[in-house]
Each structure stands twice: as structure tokens, then as C-alpha cells.
Amino acid sequence: MPPQFAPESGNSNQNQTIAPLLPVLLCSKAEGVKLHLTHRRPAARYLWLTLALVVEALIAVIDLTQKSVIFMPLSWTVIIIAAIFITWRQTLWLSALALLFSAIASSHWNHFHDRNYQVQFMTMVAMSIVAAVLAAHITSKDERLVRLSMTDALTGLPNRLLLADRMAQRGRQRGVSAEVIVSYLDLDDFKSVNDRYGHTIGDEVLRQVAHRLQSVVRAGDTVARVGGDEFVVLTTSASEPPEATRLTERIASAVQQPLIIGELELIQRATIGTVVGSIDLADPDHLVMLADKFLTEAKARGKGRTRVVDLRSQKVGN
């Protein structure tokens, strides 16, 4: 014979009717909440997961001391809220533990034959699946927004923000030995291309230049678009000083190869400033600023010029 439960207060039925709706209401708000979570870090996710686990453990302890299944909807709500902040895998782990806690409490009170418990347990399984899907959706949107905020929409290259992040990462990984080559290039007379042929042709020029720059660097190096017609190439520095000069020459040669766009054949040249030095973790953009400065100095002597400066020996090349 199923166990008998003491009658609940007059608001019990209303509470049990409203409680299952709470996750649905929270789901409807998640679309707005996710916009504020674009840059959340893994540490923050684990913090939310830990908080959710603590709350679930408290619910389990209370459930073990109370002869009622009314606490299960609280677990649903915690799982849905946590799913807004954590990944779908973490959501599944949280759901599995919450179901385990509920099963232990129900075994203690012999609720397995209670139809109300059975319905709520199956609903909890369904809510766990909904929470995992919600977490996956939000995480995917977050990653897409982060990617869009750190890449150039036209060329797909990293932008200035991602370039600074890459330089900081390189500095943290290599410490004092984080020596790199930074080449800053500006396309000569690019404005005249837009004025004469239109922005559609100008955009294609930028895309082709971006592709050529990627072809002259190694897999672990970075090519970024940091302005309208300005690019930065970040590569690992070699021990031999001529490496920076050779890289600058390869970049200049790649850019000035004829560009075929439809029936047009364009020749595009670039002025380049290159610097060799160590990354300053306090100011990762320092080398980029120096390369830009040397580019300006090179351009002052004429278009299509280059200037290479090795900060390790203060050796200057042209």
C-alpha cells in the first residue's frame, strides 16, 4: 500500500502548480540575460557550478529531514538558473547529482510508489534536458559574440583586441624570453583604389592582401587587421637578426604581386615598419606602437619603403 502523507496547507496545491512553471519563466528571460555573459571566464563558470552544488546539497539535506516531495521543484529551478551561467556538460553533471540526491531522499522516505513523486521525478529529468539545451544555446551564442568582437568581419583576421591578447599570451607562456617580430604595414594609395573603383573592389583588395599575409607566416603566428588598410604580422623571433629583414621582404613581395579582381589587374604596395624585441607584459601593445612609429618614419622617406629595428642590439635596417 502506498505511504500516506499528511495533508498540506491550503496553499500547497497552488505552490505545486506554480513551481513547475518557474523554469519555463526563467527560460524566457535567458535570451536577455545571455547578452551580459559574453565575456564570462571558466573560473566564473566553476564558481556558479560550485554555488549550485552547495544549494542542491542543502536542498537534499532538507529533503532528508522532511516527509514531502515539495522540495524537488526547487532543484529544477536551481538547475535552470545554473544553466544560464555554466556549460551544458556541467549542467548535466549538476542534474545527475540533483537526481541522485532526490533518489536518496525518496528512498529514505519510501516515496518511490508515490505518483506525485514519480511525476515530479520524470519532470525533473525533462527539465535537466531542457537546461542542458539552454546551456548549450547560451554558450554557443557567447562564443560567437566573443569571436565576432575579436575578429575583423571583412577579412576574418584577428582585430587589435585579439592581437593584444595573443601578445599577452605569448608573453605569459615564454616569460622573459618572449622575443617576437612585429611588422606593421600600411597599403600605399589604398584610398585611390576606393575612389576610382569603389569600395567593393577595395574590400576585395583587403581580403586578398590578408590571404597573402597569412601565406608568408607559420601556423603559430598571427596576422591581424588593425585599421582600414593597416595590418600587423606577429611572429616568433629567431636568434638570427636577419630573420626580421627576410620576413619584411617576404611581406612586401607578397603584397606587391599583381591582384586579379575580375578583369582588373592591380599592383598594390605597402610601407612596413618592423621591430624585434621582447613583449612587455605590462604593456603588450608597446611593440606594436613602436612598429607603427617605424612605419611612419619609413613613409616619410617615400612609399613602398621598409624600416627594420632590432631592439636587442638597436640595429637598424632599411
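What three numbers, in Å, describe the spread of the alpha carbons of the stretch 160-317 along their principal axes, ordered from the longest?
50, 30, 23
What list do you get for Y46, Y117 if you sort them by fewest beta carbons within 10 Å?
Y46, Y117
Quick check on the exposure proxy: order I62, I80, I279 from fewest to most C-beta atoms within 10 angstrom.
Placing the least packed residue first, the sequence is I62, I80, I279.
Just so you know, all these numbers are worked out from the coordinates, no wet-lab data involved. Nothing here was measured: the structure is a model prediction, and the numbers come from that model. Virtual Cβ from ideal backbone geometry, glycine too; neighbours counted across all protein chains shown.
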